[in-house]
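The structure appears right after this line, and notes come after that.
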Amino acid sequence: MYRLLIVEDDARIAAEIEKQVQVWGIDCQIIGDFRKVFEEFVQYEPHIVLMDIRLPFFNGYHWCAEIRRVSKVPIIFISSASDNMNIVMALQMGADDFIAKPFDWDVLMAKIQSLLRRAYDFGLSPRVLEHRGAVLNTEDNTLSYNGQMISLTKNEYQILYCLMKNKGKAVSRETLMKALWKTEAFVDENALAVNIARLRKKLEANGLEDFISTRFGIGYSIEIDGGNDP
């Protein structure tokens with residue numbers, strides 16, 4: 001089922017959009033806290049976003065730019081501010097389409113379905129993994145935190161991907177070694193330990209202390225409650 005994130009501060013319009021798209025079997029979430037649009041985007045992992053321009057705290061252009069830092073998910077702007085300047089600005093900020101309010105429901109649904117087909121029929125994935133504000137983008141294998149990109153080696157990315165995908169669970173050393181070296185052959189566990197140590201040092205240098213926990217006798221994990229072992 002496709003997921004649609006609605007970033008619209010008019011509760012009546014947001015509720016009507018939700019009602020209309022659910023008829024087509026699309027799951028919806030309406031933003032609840034307009035100070036945390038990006039956080040809700042990361043947690044919900046939508047396949048498409050409907051974004052108003054005029055919003056509390058920060059406008060839609062700001063949130064579009066934030067989303068574009070980590071994802072290529074389709075974004076449609078919906079706004080009564082439909083002059084050419086706003087339309088051009090929306091597209092320049094990374095939006096895929098612009099619909100002026102008041103809009104025709106059939107046109108809105110046609111545009112949503114068209115963008116979903118265009119994006120996902122060709123295997124485009126918007127998936128990002130998040131923990132403590134750190135965002136791992138599986139499209140381009142990058143990690144961002146506090147607006148900064150953290151450079152990762154191939155092995156560091158694979159370790160973070162395995163751990164963040166299984167957040168709250170222990171990931172065995174064997175599983176991590178197979179992910180890193182793609183082989184059933186014996187690999188010295190010291191090689192994994194060295195990679196983990198280097199990754200921890202890099203994360204700590206960027207403000208992410210105690211990000212990876214050691215599960216003694218098992219492997220490693222990223223703890224949901226933040227209670228990490230040294």
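The values are calculated or read from the model by the stated rules, or taken from the named source; none is laboratory data. Predicted model only: the values in this text are computed from it and were never measured. Please note: Cβ atoms are built from the backbone with ideal geometry, for glycine as well, and neighbour counts cover all protein chains shown.
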Review point. With Ile67, Ile6, Ile78, Ile53 as the choices, which residue is in contact with a Lys or Arg (Cβ under 9 Å, 6 or more places away or on another chain) and not hydroxyl-bearing (Ser, Thr, Tyr)?
Key: Ile78
Practice item. For the range 81-110, enumerate the residues that are in a helix (DSSP H, G or I), closer than 22 Å to Ile26 by Cα and hydrophobic (A, V, I, L, M, F, W, C). Key: Trp105, Val107, Leu108, Met109, Ala110
Exercise for review: Take the residues in the range 88-116 that are among the β-branched types (Val, Ile, Thr) and out of contact with any helix residue (DSSP H, G or I) (no Cβ under 8 Å at 6 or more places or on another chain), then tell me which one is farthest from Val70 (Cα to Cα).
Suggested key: Val107
Review point. Does Leu4 satisfy the condition of being under 24 Å from the mean Cα position of the chain (by Cα), modelled with pLDDT of 90 or more and closer than 30 Å to Thr138 by Cβ?
Key: yes
Point to revise | strands (runs of 3 or more DSSP E) enclosed by the range 4-80 - at least 1 residues per element that are touching a strand residue (DSSP E or B) at 6+ places or on another chain (Cβ under 7 Å) and closer than 17 Å to Met93 by Cβ | key: 48-51, 75-79
Study note, to complete from the structure: The condition of being more than 20 Å from Leu115 (Cβ to Cβ), touching a residue at least 40 places away in the same chain (Cβ under 8 Å) and of a type in the set (Lys, Arg) holds, among Arg35, Arg54, Arg3, only for Arg54
Review point. When the residues of the range 154-212 are filtered to those that are part of a helix (DSSP H, G or I) and among the β-branched types (Val, Ile, Thr), which remaining residue is modelled with the lowest pLDDT?
Key: Thr175
Check your understanding: surrounded by 15 or more Cβ atoms within 10 Å (Cβ to Cβ), polar (S, T, N, Q) and over 20 Å from the mean Cα position of the chain (by Cα), is that true of Ser71?
Key -> no
